[in-house]
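Data block below; observations after.
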Amino acid sequence: MYLRDMRIASVALFLFGLVTACGYHFKGAGLKAPEGVRTIAVTVLENRTRESGIERVFTNDLVFEFTRSKVLRVVEKDQADAILSGVIKSMGERTISHTASYDSGERRVVITLDLALKSQDGGILWSDAALSDREVFKVFPDDRLATDRSRREAIEAISKRLAEKAHNRIFTGF
C-alpha cells in the first residue's frame with residue numbers, strides 16, 4: 001500500500017515538474033492592466049460595413065473575452081475606470097478558388113477594426129486603428145442558405161480571434 005502511494009506521488013510530482021518546466025502558464029496569467037484601471041466598459045462597436053448585426057457579435061465577443069480573463073471587471077460605462085470603444089471599419093470578400101464550372105468554391109472574408117481604450121477623462125490608454133483578421137469560407141453555388149451560414153461562421157471565427165487579440169494587446173507593455 002505504501003509503495004503504491006509513493007508511486008502515485010512520484011508520478012504526480014513528475015507531471016507537475018514537467019508542466020512547470022516547459023513554461024506552461026494559465027491563459028491570462030501575467031497580464032497587467034494599465035495603472036489605476038480595475039474595471040472596464042465595452043461599448044457597442046460602430047458598424048461601417050454593409051453587414052447587418054455584426055456590431056453585436058463583435059461587441060459580445062469582446063465582453064466575453066474580458067469577462068473570461070478576469071484581469072479587469074466588466075461594468076457599466078458610468079462605473080468604469082476605462083472604456084473600450086471602436087468601429088468595424090471594413091469587411092471585404094474575395095474569391096480564392098473556383099469550381100469546375102467557374103463558380104466560386106471558396107471565398108475569404110477580411111474584417112478590420114479600429115479600437116481604443118480610454119480612461120474616464122478621455123485619455124487614450126491603448127489604441128489600434130488596423131486590427132484585422134481573415135477567414136476562408138466555403139461557397140455552395142446551389143444553396144444560398146448554406147453559403148450564408150458558412151459566411152456567418154467565418155465572421156464569428158474572426159470576431160472571436162480579434163476579441164482575444166485585442167484583449168492580449170491591451171495588456172502588453174503595462
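Computed from the coordinates by the stated procedures, all read-outs in this text should not be read as laboratory data. On a predicted model such as this, the values are computed, not experimentally measured, just so you know. Note that each Cβ is placed from the backbone with ideal geometry, even for glycine, and that neighbours are counted across all protein chains shown.
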Item to check | Residues D143, D133, sorted so that the one with the fewest Cβ neighbours within 10 Å comes first | outcome: D143, D133
Checklist outcome for this item: Most exposed first, judged by fewest Cβ atoms within 10 angstrom, D142, D148 run D142, D148
Checklist entry - Do the alpha carbons of any pairs in K32/K70; K32/K77; K77/K165; K77/K118 sit beyond 19 Å of each other, and which pairs? => result K32/K77; K77/K165
Checklist entry - What's the FRET efficiency of R38 with R152 using the Cβ-Cβ distance as r and R₀ = 45 Å, to the nearest 0.05? => result 0.80
Next on the checklist: Let me check the size of the range 32-170 from its C-alpha atoms; what are the radius of gyration and Dmax in Å?
Outcome noted: 17.2, 60
Checklist entry - So how do I111, I54 line up by other beta-carbon neighbours within 10 Å, fewest first? => result I54, I111
Checklist outcome for this item: For K138, the aspartates and glutamates lying under 16 Å Cα to Cα, once residues fewer than eight places off in the same chain are dropped, come out as E93, D103, E106, D148, E153, E156
Checklist entry - On alpha-carbon atoms, Rg over Rh for the range 46-107 using Kirkwood Rh? => result 1.21
